[in-house]
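Some notes on the structure that comes next.
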Amino acid sequence: MLICPVCSRPLCVEEKCARCEAGHSFDRAKEGYFNLLLSSSAGGHGDDKAMLLARRAFLEKGYYAHLLVALKEVCAEHFEKGCTLVDAGCGEGYYTRAISETLLEKTGEVNFFAFDIAKEAAKLVAKKMKGTATVFVSSAYRMPLASGSADGILSLFAPFAREEYLRVLKPGGLLIRAYPLAEHLFELKEAVYEEPLKNQESSDPGEGWDSIVEKRVQKRIELNSNEDIVALFGMTPYAHKTSERDREKLNALEKLCVTTDFGIGIYRKNG
């Protein structure tokens, strides 16, 4: 299923490397992943290690467990034994690992691929999923995956690469998306900003898809430490564009009850 990012020939995955018939070779890192970003794309991409570890620590406290349960149920309902599933933009791997375990328990056989543009993310996921997933570094907009090779793609709060998803999915393959809805974390924004705005809802995946179902997963959660409040804020797009004055408000918060408001969309590729 993997293809060479240089020449697009199939990659043969071996114990210590992946290579194509043209002689291009990619070493397997000691953690177990492959870096399939071309050298011209190398550099600091995506989240750094500190951000990824803070996100993992926050999620493993169970704050988003209700979303995880919903995603596992959706995947268990729609994917069968022997399916090939791709987590496009897997981050620190909280959802990746749990969904993989759920499908393995249900079916006994899943071909699971996971990637992120951040090398540190691939490291974390590969360590946790040795032997259960093929993990690599890549951009969602140029995936080193054969056309028409995947039964399903997960796009969970990740950049939406519509054309690449359509290329990689088999005819009738499924896209599972998770995205924030209007009320998501509004109380957190109220506490930090003078003029907070609700999220603009955009569930439409564009042409090429038939919508199967869209569902809402909403729950209020209570944050009881500044550490968790700051970690949650760091998981949002606002973290990189907040003034020092507004950050002071954030750092002063010790307790906060916030609404989590998620959409889950399931779409089938046309044709």
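Using the structure shown, decide if R177 is basic (K, R) and either in a loop (DSSP other than H, G, I, E, B) or farther than 30 Å from L103 by Cβ (or both). Please lay out each step first, then the result.
Working: basic (K, R): yes; either in a loop (DSSP other than H, G, I, E, B) or farther than 30 Å from L103 by Cβ (or both): no.
So R177 fails the test.
Of the helices (runs of 4 or more DSSP H) lying entirely inside the stretch 182-271, those containing at least 3 residues that are open to solvent by 60 Å² or more (accessible area, probe 1.4 Å) and without any contact (Cβ under 8 Å) to a residue 12 or more places away in the chain are 244-252.
A quick yes/no check of all residues on (1) at pLDDT 90 or above; (2) closer than 22 Å to C90 by Cβ; (3) β-branched (V, I, T):
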| position | (1), (2), (3) |
| --- | --- |
| L169 | yes, yes, no |
| P180 | yes, yes, no |
| E183 | yes, no, no |
| E187 | yes, no, no |
| G208 | yes, no, no |
| I212 | no, no, yes |
| R216 | yes, no, no |
| D246 | yes, no, no |
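Let me spell it out: the conditions are (1) closer than 24 Å to M51 by Cβ; (2) crowded, with 18+ Cβ neighbours inside 10 Å, and L175 meets all of them except one. Which number is the exception? Unmet for L175, out of (1) closer than 24 Å to M51 by Cβ; (2) crowded, with 18+ Cβ neighbours inside 10 Å: (1). As a summary of the residue check, E190 satisfies the conditions (1) over 26 Å from I99 (Cβ atoms); (2) in contact with a Cys (Cβ under 7 Å, 6 or more places away or on another chain) except for the one numbered (2).
Considering only residues that are at pLDDT 90 or above and open to solvent by less than 50 Å² (accessible area, probe 1.4 Å), which ones fall in the stretch 23-51? Even if it seems obvious, please write down each step before you answer.
Here is the first cut: in the stretch 23-51, the residues at pLDDT 90 or above are 23-37.
Matches in the stretch 23-51: F26, A29, E31, G32, Y33, F34, L36, L37.
Regarding the stretch 216-237, can at least one residue be identified that is closer than 22 Å to K269 by Cα and in contact with a Leu (Cβ under 8 Å, 6 or more places away or on another chain)? Yes; the residues of the stretch 216-237 include at least one that is closer than 22 Å to K269 by Cα and in contact with a Leu (Cβ under 8 Å, 6 or more places away or on another chain). In this structure, V230 does satisfy being of a type in the set (V, I, T) and under 19 Å from G62 (Cα atoms).
Inside the stretch 188-231, residues that are in contact with a Pro (Cβ under 9 Å, 6 or more places away or on another chain) and charged (D, E, K, R) make up a count of 3.
The values are calculated or read from the model by the stated rules, or taken from the named source; none is laboratory data. Computed from a predicted model, the values in this text were never measured in an experiment. Quick reminder, even Gly has a Cβ in these numbers, built from the backbone with ideal geometry, and neighbours come from all protein chains shown. We work out accessible area using only protein heavy atoms, side chains counted, and drop any ligands, DNA or RNA first. Shrake-Rupley method; radii C 1.70, N 1.55, O 1.52, S 1.80 Å.
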